[in-house]
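Before any comments, here is the structure.
Derivation of every value follows stated rules applied to the coordinates shown; laboratory data play no part. What you are looking at is a predicted structure, and each value in this text was computed from that prediction instead of being measured. With ideal geometry, Cβ positions are generated from the backbone for all residues, glycine too; neighbour counts draw on all protein chains shown.
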């Protein structure tokens, strides 16, 4: 068979990077040191904590007892098996779906691309717990609307679906971030394949599916592998869904098991940290592997006047669009509507009461002074974290993508660490840090502490998102500015930030969203004064007040949605191409 | 002091290494004010790296660079002037057109950087857009333009602040053939009007020959020959330059007395020895000449000195001349023949005597 030469650009011996003056070097070092302080120091405390053992007389001694006893705790092994099973099943189902949708949106003439894209971003941004409440109202074995209807229509005497189960948990993951996060990472890569590569394959007689399988997928392999690596890591930190859906069937994963240990009396902090560190150790090879992959990968870059032709779906256009739009509707609008419905119910999920509907809960929650304070806390936390975070993440991404700074590998490595450590354990490390370092003690109990926690949680995804966009913007765009006489700061302001505008807005939204929904990372360091909405919601749920929890959930959804709309408007005013 | 002809840019023993790879190996160049100077060579020869060193986008590992008497880089003192402070203009191979700015804002950018007053910016940008033939396109987003227009924008952006030197990195490689020829001519006219010194990097010999005042042919990080296009074409210093610039017909034989080689069939080809070629009678040697120097004689003449027996295997009349393929003892040569006035036309399959004029033939060691 004759070899076909692909019109790929010849790989350059090295990607152009900026040379550093001493000023640049100091700035980079400062960035590295700050990252090390906020990520590595809590980690050191966690490692130290794992070697602290409580002696029978109550005093603490140094020893490795926890490293052994952690594995003998009831359910630890089962939790490991559960985690692996849950991750494997979710990934196997969601990856092909995400690849398919990304390809359809990026490479074909499917109608309503904006709509599909919006659905994906909505699914990514919808806070997990409120959405879960919506699903519970639909799929609860006792009162779930879908179950009730199905039993009535098909004459079943057993509810067909149960959200409080293994498959319920899988479904909840798929509907929230499993597919959407992968889609978000994959679409830019799909957009940047040259159409000529696909066309060459069509010309020699390959069909569309064969072309995807034999040309598109191999070219995209690095991007896909990295996406998988990121979702594997994320999968281990998943917490809220399992925390709510797991316990009724005694289903624990790693993160909820650790949380259970920390809440036991007496709390098993050392054992929990041991499990957390075990995850970290298992994840280290994965991080190093993906770093190597990224460093050897040749990126397609956005030049100017970038164009590609789209594959025609012909008579498949509308059926495929309908299927995907329906899917998008199901994972976003349906649970949200169900959630809103739940807030107006007398008792969450009970349709057979004398009075089914009421606005009393709204009156009650809105009248609660705790709500206003929590709302204020969430707003300041979210906006503060978003503003500080975007600037910080962009800087970190820039150092590791664009400079020849010697410590850039270390910096990149540190940004990956928080993702490998379950949020509750990190939260514990932060608690120890804020209590033991005298310099930090005055800020304990303030919003600042929570901002740090949220940013540590968001740093991996945030920096990776910016990086994956930054490597696609040709460095020549910056060099052109330097040669024309512009300083680095001027170039950053007028060229880098505007070009990356869309992704920076997305990352800001992502950070705000993390702040509004995250429980795991802040649960150990929240005090009465800085308690945000997400915890108020969990408190209501723990008290069995599902209606009030749903109302807080609606407020969180409205808040994130409102902020997203504002961000888009701002983006449009500055002429950014919108998401 | 600033009259045309004096040296504006000096590179003295400049080197750049990537690990063990010597991308640029101690090259020295003096570039004269107002000239178009080309760095010509195959890909990977170090020409683009040299340009980046001149622009200040990369730091050399040795040597020094001087612009108008001002030290831009010196290995001995460690001085390095960053790209921002060199006052050079550059057009990148990809044009590096910013996707978020309009044509006007793109061209105005260097002036905004220099804090020029708004009114003056408008006047200057309008004048510049007129100069490059883009009047009226100011409001368009730069990436929505065609390739040729994008290149004009890149050129306008690089010229607007009257840089000392304009650097062009393969500026025509992204254009189609027709547009390439047009832009080549426009660039030369524009340069003659503006008078800016230009350094052009290219792998296309036609581009280099037609645009340049002087050319440096590079290979493996070193300069093989430097001179005017005419010098390089007519008097290549070595076989690399000979083969890289222009096509040549080569015949192998053995050197005999009297400045000629003898082919295997006994035909003698006389010519002049290449400069610096150390050849003595009995050595294997190559006779080389440009195809356009070939002449045609009657086939009966074949076998005499400098005339080979040949057959016209294909003949294409293209109006002002013939394109033809000539078979010489099994080797096919493509060349042009002048149209014939008042003589019987050539015919395909015709046997001819192929004349290699002795004053056009150069003899090289094999």
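The coefficient of translational diffusion for segment A:394-472, derived via Stokes-Einstein from the alpha carbon Kirkwood radius under 37 °C and 0.692 mPa s, stands at 237 µm²/s. Extension gain, residue A:249 to residue A:527, is 97.0 nm, computed as 0.36 nm per intervening residue step minus the present C-alpha separation. Length gained on full extension, residue B:192 to residue B:316: 40.9 nm, using 0.36 nm per residue less the C-alpha separation.
Computed across segment A:461-518, the Kirkwood hydrodynamic radius from all distinct Cα-Cα pairs reaches 12.5 Å.
By its C-alpha gyration tensor, with a ≥ b ≥ c as the square roots of the eigenvalues, how is segment A:50-173 shaped: rounded for a/c under 1.5, else prolate for a/b larger than b/c, else oblate? Oblate. Enclosing the Cα atoms of segment B:224-366 in their convex hull gives a volume equal to 118 cubic angstrom per residue.
Where Rh is the Kirkwood radius over the Cα pairs of the protein assembly as shown, the temperature 37 °C and the viscosity 0.692 mPa s, what D in µm²/s does Stokes-Einstein return?
99
Sorting the Cα pairs of segment B:1-97 by distance into bins of 10 Å, from 0 upward, gives 15, 48, 33, 4, 0 percent per bin. Taking the Cα atoms of segment B:262-322, the ratio Rg/Rh between the radius of gyration and the Kirkwood radius comes to 1.04. Averaged over the residues of peptide B:54-61, the number of Cβ atoms from other protein chains lying within 10 Å of each residue's Cβ is 3. Partner shielding of B:136-146 amounts to 1, given as the average count of beta-carbon atoms from other chains within 10 Å of each residue beta-carbon.
In the calculated pair-distance distribution of segment B:66-219, the portion above 18 angstrom amounts to 61 percent of the Cα-Cα pairs.
Applying 1/(1 + (r/R0)^6) with R0 = 25 Å to the Cβ-Cβ distance of residue B:348 and residue B:204 gives a FRET efficiency near 0.20.
Scaled against the 2.2 N^0.38 Å expected of a compact globular protein of N residues, the Cα radius of gyration of segment B:117-159 reads 1.10.
Label positions at residue A:161 and residue A:68, each projected 7 Å from the Cα along the C-beta direction, are separated by 4.9 nm. Computed packing ranks the peptides B:254-262, A:393-401 as A:393-401, B:254-262, most packed first, by mean other Cβ atoms within 10 Å.
Its Cα gyration tensor gives segment A:485-546 an equivalent ellipsoid; the semi-axes, largest first and in whole Å, are 40, 13, 7. Can you classify segment A:368-432 as rounded, prolate or oblate using the Cα gyration tensor, where a ≥ b ≥ c are the square roots of its eigenvalues, rounded means a/c under 1.5, and otherwise it's prolate if a/b beats b/c and oblate if not? Here segment A:368-432 falls in the oblate category. When the label point is put 7 Å from the Cα of residue A:44 along its Cα-to-beta-carbon vector, which residues of segment A:405-434 have a backbone N closer than 15 Å? Label zone hits: A:429-430, A:432-434. Approximating the spin labels as points 7 Å out from Cα along Cα→Cβ, the residue B:139-to-residue B:283 distance works out to 7.1 nm.
Determine, from the Cβ-Cβ distance of residue B:146 and residue B:6 and an R0 of 45 Å, the FRET efficiency 1/(1 + (r/R0)^6), rounded to the nearest 0.05.
0.70
Among the residues of B:81-87, the average count of other protein chain beta-carbon atoms within 10 Å of the residue beta-carbon is 5.
Here the spin labels are modelled as points 7 Å beyond Cα on the Cα-Cβ line, and at residue A:152 and residue B:264 they lie 9.8 nm apart. The slack between residue B:301 and residue B:234, meaning 0.36 nm per residue of separation minus the straight C-alpha distance, is 21.4 nm. Normalising the Debye intensity of chain B to I(0), with uniform scatterers on Cα atoms only, and taking log10 at q = 0.09 Å⁻¹ returns -0.65.
Entry note, chain A: relative contact order of 21 percent, from Cα contacts under 8 Å with a spacing of 6+ residues.
The angle separating the long axis of helix B:177-194 from the principal Cα axis of greatest extent in chain B is about 60 degrees. Pull out a ≥ b ≥ c, the square roots of the eigenvalues of the alpha-carbon gyration tensor of segment A:526-573, then state rounded if a/c is under 1.5, prolate if not and a/b is larger than b/c, and oblate in the remaining case. Note, shape of segment A:526-573 comes out oblate. Roughly what % of Cα-Cα distances in segment A:109-197 sit above 20 Å, to the whole percent? Tail fraction, whole percent: 52. Over every Cα atom in segment B:165-213, the radius of gyration and the widest Cα-Cα span, Dmax, amount to 10.2, 27 Å.
Give the dimensionless ratio obtained when the Cα radius of gyration of segment A:74-126 is divided by 2.2 N^0.38 Å. Cα-based Rg divided by the globular estimate yields 1.64. At an R0 of 60 angstrom, the distance between the Cβ atoms of residue A:217 and residue B:254 translates into a FRET efficiency of 0.50.
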